[in-house]
1. To the nearest Å, what is the center-to-center distance of the stretch B:226-303 and the stretch A:257-326, using C-alpha atoms only?
2. Go through the stretch B:187-198 residue by residue and turn each phi into a ³J(HN,Hα) via Karplus (6.51, -1.76, 1.60, θ = phi - 60°); whole Hz please, and just put x for glycine and proline.
3. So, how do all the Cα-to-Cα distances of the stretch B:142-299 break down into 10 Å bins, in percent, from 0 on up?
4. Give, rounded to the nearest 20 debye, the magnitude of the charge dipole that the stretch B:128-245 has about its Cα centre when Lys and Arg contribute +1 at Cβ and Asp and Glu contribute -1 at Cβ.
5. What does DSSP give for chain A in terms of the percent of beta bridges that are antiparallel, rounded to the nearest 5?
6. Per residue, how much accessible area does the stretch A:192-248 have with a 1.4 Å probe, in Å²?
7. For A:LYS181, list the aspartates and glutamates whose Cα falls under 18 Å from its own Cα; do not include residues on the same chain fewer than 8 positions away.
8. Please compute the average number of Cβ atoms from other chains found within 10 Å of each residue's Cβ in peptide B:296-309.
There are 2 protein chains.
Amino acid sequence: MRHINVGLLGMGNIGTGTYKTLEMNKECIARNTGLDITISRILEKDVLRERDVTVDMSQFTQNPDDVLNDPSIGIVIELLGGIEPATSFMLAALRNGKHVVTANKAAVAKNYSQLMKTARDNGVMIRFEAAVGGGIPILNALTSQLLSNKCMEILGILNGTTNYILTQMAQNGLAYEDALKDAQAKGFAEADPTADVEGHDVANKLSILISMSFGERIPPEDIPTVGITGISMADIEKASAEGKKIKLIAQAKRKEGGGVECSVGPMAIPADSPLAGVNNEFNAIYIVGNAVGELMFYGKGAGPLPTGSAVMGDVIEIGLTSAMFR
Amino acid sequence: MRHINVGLLGMGNIGTGTYKTLEMNKECIARNTGLDITISRILEKDVLRERDVTVDMSQFTQNPDDVLNDPSIGIVIELLGGIEPATSFMLAALRNGKHVVTANKAAVAKNYSQLMKTARDNGVMIRFEAAVGGGIPILNALTSQLLSNKCMEILGILNGTTNYILTQMAQNGLAYEDALKDAQAKGFAEADPTADVEGHDVANKLSILISMSFGERIPPEDIPTVGITGISMADIEKASAEGKKIKLIAQAKRKEGGGVECSVGPMAIPADSPLAGVNNEFNAIYIVGNAVGELMFYGKGAGPLPTGSAVMGDVIEIGLTSAMFR
């Protein structure tokens, strides 16, 4: 049995889901992998918040150095969100020889090259399965089994908030504003939904997907991006009359002469295409490889436990493949 | 750059697809993984067969020992099909310290424990992604990222032949016999379709899936199995009138008190469930994990290139994770 101490930066919804995923499955993970994983230190101000897990108060700290400089910690999970101080903390952890796992699409999309290079230079790994498609193990597939393919095309429904709104508009005839309010009431949309409904969240995820599948670096601000705020009931009815559904689609395609063309925006897709059946808060990624042909991965793109599943999956992958834990 | 010599046992349709997958993507694999993979020796009687790839005649041999005992070969790919001599060859390769990759669901389902133990005892790996769901990277997900979950339930459409027949019956009103003839004409069904239409092929795949996801060993002959030969147009019309579709479903579920209940058989599933949209020769695996919730993986369950994609994906995974190639 190999023991791994993990430090956690941030214990909000996703941090709690990650902690709970480990709490639920610690024994079964140990039995199946030989890894005895412990979250030993947690950077979090709000220690008194009601959480559905058992945390020893002595695990909490308000000093990031207690995680980043603790030599007993081999893997740092970053779940603070936002670009700073998250990026600086991840870089510090990597420079201290610690592997990093994060769900932070904004920080990874913005600082992709620097994070990857710092990990490489320090002989450690950085993984971010939870940053794209929540619990769907798409990045893992792209960086293992699917390396036997040249990726030709990707189409993704990568944002649960906007997919929920579009599904409610199409299935229940809700106006955009009412569907947004419904999503907010159900916890699928934030009080300020700008990053979701304007497509910026999807552009971050598509930028990461393109790096992992085409090996090209296209920063999110260079991806032509349109959100769903301009979609009216008339658009949805027109699409429906043509046997189509409107979805917010992230797309990337290999260009003939080299390079990748990509965009984020609402698209009317045939109702019998695999992505058309992806409704409400679900996400899906459709990929075409030059050997495997069409593939689709479908699952929950958000939520504490699906995201916690992806984060802990990355921790396990590092534990199984890193020489540090042999 | 690390060099890996691979030996190939069998160069029929799947072997040729595997060879072609490597031929198409050798440079891109080398660039992305640092692995320089060469198929250096091929056991195959039919050396003159027309193949869509460039093979040097000196690579062929009719003597299995030329592959199994060649110290320069690190990985043996078994694509002979059938239980023997395939199993004996795989065991010999493992005992000689070679990793094994196979697409042979019948041999793996029948001799699962012996193959896994022999690999473990000899410090090498055996991988068989192509044996379940063709090009869909489901076994890789179950043995890496999804180890963070306890698997609760699996439902799969795991046979392209029967799914093609049922789709043609439902969509085009073909009688079973006519749909079978159509599948045979299109190369989706064999001249003797028994193993497919009676469900035995699916039982082999489900047995492997159960081992990899629930950690329980249930031999295929212990899985209650019904095929599709008894499905009439009246059954399909009745299901359709109830808003359902008939699919040949492999299912496995964790029992309350421990253990797994499982079966293979035709099932009427709601037309709006994710599996209902899986048509013709496509396969899909729907999984529920206790953290990630619902996931579905969709893609081509057969064919030379999708299967070749999975086989070469396994070779790459072994190359990236085995100490032998560091």
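The values are calculated or read from the model by the stated rules, or taken from the named source; none is laboratory data. Nothing here was measured: the structure is a model prediction, and the numbers come from that model. Cβ coordinates were reconstructed from backbone atoms using ideal geometry, including for glycine residues, and neighbour counts include every protein chain displayed. Protein only, heavy atoms only, side chains kept; ligands, DNA and RNA dropped before computing areas. Shrake-Rupley method; radii C 1.70, N 1.55, O 1.52, S 1.80 Å.
1. 22 Å
2. After applying 6.51 cos²θ - 1.76 cosθ + 1.60, I find x, 8, 9, 7, 4, 9, x, 3, 4, 6, 6, 8 Hz.
3. Per 10 Å bin, starting at zero, the Cα-Cα P(r) for the stretch B:142-299 comes out as 11, 40, 34, 13, 2 percent.
4. Around 420 debye, computed over the stretch B:128-245.
5. 60 percent
6. That works out to 44 Å² per residue.
7. A:GLU190, A:ASP192, A:ASP196, A:GLU198, A:GLU281
8. 5
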